[in-house]
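The values are calculated or read from the model by the stated rules, or taken from the named source; none is laboratory data. If you're wondering where the values come from, they're calculated on a predicted model, not measured in any experiment. Cβ sites come from the backbone with ideal geometry, for glycine too, and all protein chains shown count toward neighbours.
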Amino acid sequence: MRKPSDKKDRLERFVRDNREAFDSFEPSDDLWGRIEEQFGEAPKTNKVKRLKWWGKAYLDWRIAAGIVMAVGMSYVYYLNNQYGVTRDPKVALVVPTYAREFNQYSLAIDEKRNELVRLTSDNPELYKEFSGDLDRLERNYQNLKSELPKAPNQEALIQAMIQNLQWQLDLLNQQLTILQRIKEADKSHEKDNSTII
């Protein structure tokens, strides 16, 4: 089976070997002149709009857009480093002082959820029961978050959101403790059955 790189190598080899033959077919120097005479001057469609910039100097609009984008990305990078915006940027932009706290709770909740999924992989009914309670808390959190930008008392709403995240974390910790006790009980039950036999 031929590789795509084989075709490329063969084409490059062919061009290299027959370069002199290709060079003999170059257009004459006056060809562009004859084309212009026949069609007239071509309309200039690729105009570059320039912005006035401090007097006589001009700035291409693409450069200006690049500068604006670079400044914006720098600001987001600063927010991320300063406040930990990566997990919940909507909340961080409204109240950046709490962004790090929201980020820490979100990371801990994600970690505990993953552990819960891992421990309940052999018992999907138990996971469904556990995740139902957690999903209700998560829906309440999302409702609070959607109300945040238009809330008259954002501080109270933020405290409610933090309390919700704490409840989610506490619930996950309790569920993981229950799962660990179930696993320990199963191990001791298996050990007792093996010693009786």
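Data table
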| quantity | calculated |
| --- | --- |
| Residues being among the basic types (Lys, Arg) and at pLDDT 85 or above - total across the range 158-197 | 1 |
| Qualifying positions in the range 137-191 - among the small types (Gly, Ala, Ser), touching a helix residue (DSSP H, G or I) at 6+ places or on another chain (Cβ under 6 Å) and part of a helix (DSSP H, G or I) | 160 |
| The range 134-157, subset surrounded by 14 or more Cβ atoms within 10 Å (Cβ to Cβ) and at pLDDT below 85, residue nearest to residue 177 (Cα to Cα) | 145 |
